[in-house]
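Below is one structure, written out as structure tokens; comments come after it.
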Amino acid sequence: MGAGIREPKGSPHVPGTATLYESGLIQPGVAGEEAGVLPTETQNGVLPVKKDDSGTVVLVPQPSGDVNDPLNWPLWKKDLTLMILCLATAVGGTVGPALAPVNAVLVDEFNTSYTTVANFSGYQFMASGAAGLLCEVMARLWGKRPIYVLSTALLFAGALWNAMVESGDVGGFMGARIIQGIGLGAFETLVVSSIGDIYFVHQRGKRIAFYNLTFLGTTYFMPILAGYISVQHGWRMQFKIIAGFLGPTFLAMVLLCPEHAFRRNRKFETDLGSGGSSTSSSVDNSTGTAGPDGKDNVGEKSQEVSHEGGEGKPKKTFLQELKIYNGRFSDDNFWKLLVAPFPCMLYPATIWAFLLQGTFVTWGIGVSIVLAQLFSGPPHNFNPQQLGYIYAAPTIGAILAYILSTFASDSLSLYLTRRNNSIYEPEFRILLVLPVFLTGIPGLIAYGHAATDPGLHWIVPSILYGMLTFAVVLSCTVTFSYVLDAHREVSVEMMVAVLLLKNFFAWGSTYYLPNWIVSAGAETVFEVMGGIQIAVCVLSVGMYVYGKVWREKMERWNLLGRLGLKPGKMR
């Protein structure tokens, strides 16, 4: 039981477990193609592997010999692609929290209730969840690029519509929010899997953390701007500005985000193989380039692969990469792909990810939904600009969570891998739940008391909200990283399952939170939320210890395969 992780009985092949350091090269015959070992010639009785530029970290997955394989892209191209995706995520993500400081204004202008105004956000969550499901299916079949381009266009249209809604037109406002939600679905669902498409295991953690910062960080920063803009220029100006940013973002998406879905031979997917045997063997003319010592020329800096033996395919030109549609990437059945995320809700990793991420995110959203309800009336009497100031500490909390994730997520996993005989386990990612526990729960429980205490300065609930935000951002990094590494073969379906559970739970919260605050009081409501999060964080201990056992069981039970829903095998 290395590093406190219980080993499954009877099977050495556990997807997600991989060798990242070669303390000893693989002996020939230990594992075959099913375990991800490339069938190439041995050298002195051992099978060398492709590694990073330092020559110490094994590249997982192993890059193929095709120069168009996203794993073979130079690092600048990978990071530029991710930057464009995160730019669209950040700008698109601002449409939701733009309403947080102006809920009281909307109640008066549209002559409606706080519950109805909360539903402006709730229906956006619902639309985003449903759209995420469709985006997952279409991305599997036709690639991610057309989905991202279309989604950015929808976000632009939704923001523009919102800016032109007339007073009292509740239906028009709701329609604009639904369009925004549909556009946002792809960026909630697919970006993490895009990171899995173009980066190696040891590179993913800090990129996932950056994605979470752009999505959740802007969520908490936007209300500061939104409050000021609304007071000075009216709430519609927010959406005009957002649309103004989404226009150039759409052009950047078209020009600078090439297709990165790729059909790669399963033998290269070494993180889908067994534990100690899941490194790849040497790369010959059919798989890429490697020197006689087994070290490759596919490093984090150059990432260049010789065209020799690159499956006979020339490198795509810039104009060729501008194609929106690049053909079909899967022969799977559309309707089966549509159903596949639902059985994934039974995976222990999905359940745990929803319980940790989904609840923390929902409570964070809940705070923004009831913010005006708590602070716009007596004794605070805050206007939208003052309500926006409360988001100062949450913005700092999101940045601090990103900094911790950047330095700790990958480095902690690599450190534990070295101490675990060079074997990487996805459960190493779960250890970052500890700072989530230490900041999120005190912040959540105390916020309910601070928000209703007229004797406290507004900065106190702001700081407590910042502690909660720190936990929200970090919990997303932990869960996304774990699901991607532990179940990468079905990670998209699992991400969609988590998104559906999370967004529909958040949608439901928009109905009951405002009335619950009135009937039970903020202190009781946030104490109950804190109690739920304590239980969820304690469950993470069990997930760390038994996560590998469950990974093996789910692979052996082959739930999706038995239902005929496993990706790559749906006809």
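The values are calculated or read from the model by the stated rules, or taken from the named source; none is laboratory data. Here the structure is a predicted model, which means the values were calculated and not measured. Here Cβ is always computed from backbone atoms with ideal geometry, including for glycine, and neighbour counts include all displayed protein chains. Surface areas here come from the heavy atoms of the whole protein model, side chains and all, with no ligands, DNA or RNA. Shrake-Rupley method; radii C 1.70, N 1.55, O 1.52, S 1.80 Å.
So here's what we get for this one:
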quantity: Cα centre as origin, Lys/Arg/Asp/Glu Cβ charges: the chain dipole, Debye; calculated: 580
quantity: With all protein chains modelled, accessible area of Leu150 [1.4 Å, Å²]; calculated: 100
quantity: Tail beyond 14 Å, pair distance distribution of the stretch 357-407 (Cα, percent); calculated: 63
quantity: Spacing of the two label points (7 Å from each Cα toward its C-beta) at Ser411 and Lys315, in nm; calculated: 3.3
quantity: For the chain, accessible area per residue (1.4 Å probe, heavy atoms of protein chains only), Å²; calculated: 36
quantity: Three-way shape call for the stretch 149-233 based on the alpha-carbon gyration tensor, with the a/c threshold at 1.5; calculated: oblate
quantity: Carbon and sulfur %, accessible surface of the stretch 480-571 computed with the full protein complex present, 1.4 Å; calculated: 66
quantity: Long-range amide H partners of Tyr424 with built H, under 5 Å; calculated: Ala18, Thr19, Leu20
quantity: Additional length obtainable on full extension of the chain from Val170 to Tyr325, 0.36 nm per residue less Cα span; calculated: 52.1 nm
quantity: Helical segments meeting 15 Å axial Cα length and Kyte-Doolittle 0.0 threshold in the chain (DSSP H); calculated: 75-93, 114-142, 145-164, 170-189, 218-233, 236-256, 359-375, 392-419, 433-450, 459-486, 491-520, 522-557
quantity: Ranking by accessible area, most exposed first, for Lys313, Lys206 with a 1.4 Å probe; calculated: Lys313, Lys206
quantity: Cα shape, the stretch 131-275, gyration tensor, a/c 1.5 rule; calculated: prolate
quantity: Relative packing of peptides 219-227, 535-543 - highest average C-beta neighbours within 10 Å first; calculated: 219-227, 535-543
quantity: With every protein chain in place, the stretch 68-144: carbon and sulfur % of accessible area (1.4 Å); calculated: 68
quantity: Global form of the stretch 314-373, assessed from the alpha-carbon gyration tensor, a/c cut-off 1.5; calculated: oblate
quantity: The stretch 206-243 and the stretch 445-489: distance between their alpha carbon centers, rounded to Å; calculated: 18
quantity: Rg to Rh quotient for the stretch 323-432, alpha carbon positions, Kirkwood Rh; calculated: 1.14
quantity: From the C-alpha gyration tensor of the chain, square roots of 5λ in Å; calculated: 43, 26, 20
quantity: FRET efficiency estimate (nearest 0.05) - Cβ-Cβ, Thr115 to Lys553, R0 45 angstrom; calculated: 0.55
quantity: Above-threshold pairs, the threshold being 19 Å between Cα atoms, out of Lys77/Lys323; Lys50/Lys316; Lys78/Lys206; Lys9/Lys50; Lys144/Lys553; Lys144/Lys323; calculated: Lys50/Lys316; Lys9/Lys50; Lys144/Lys553
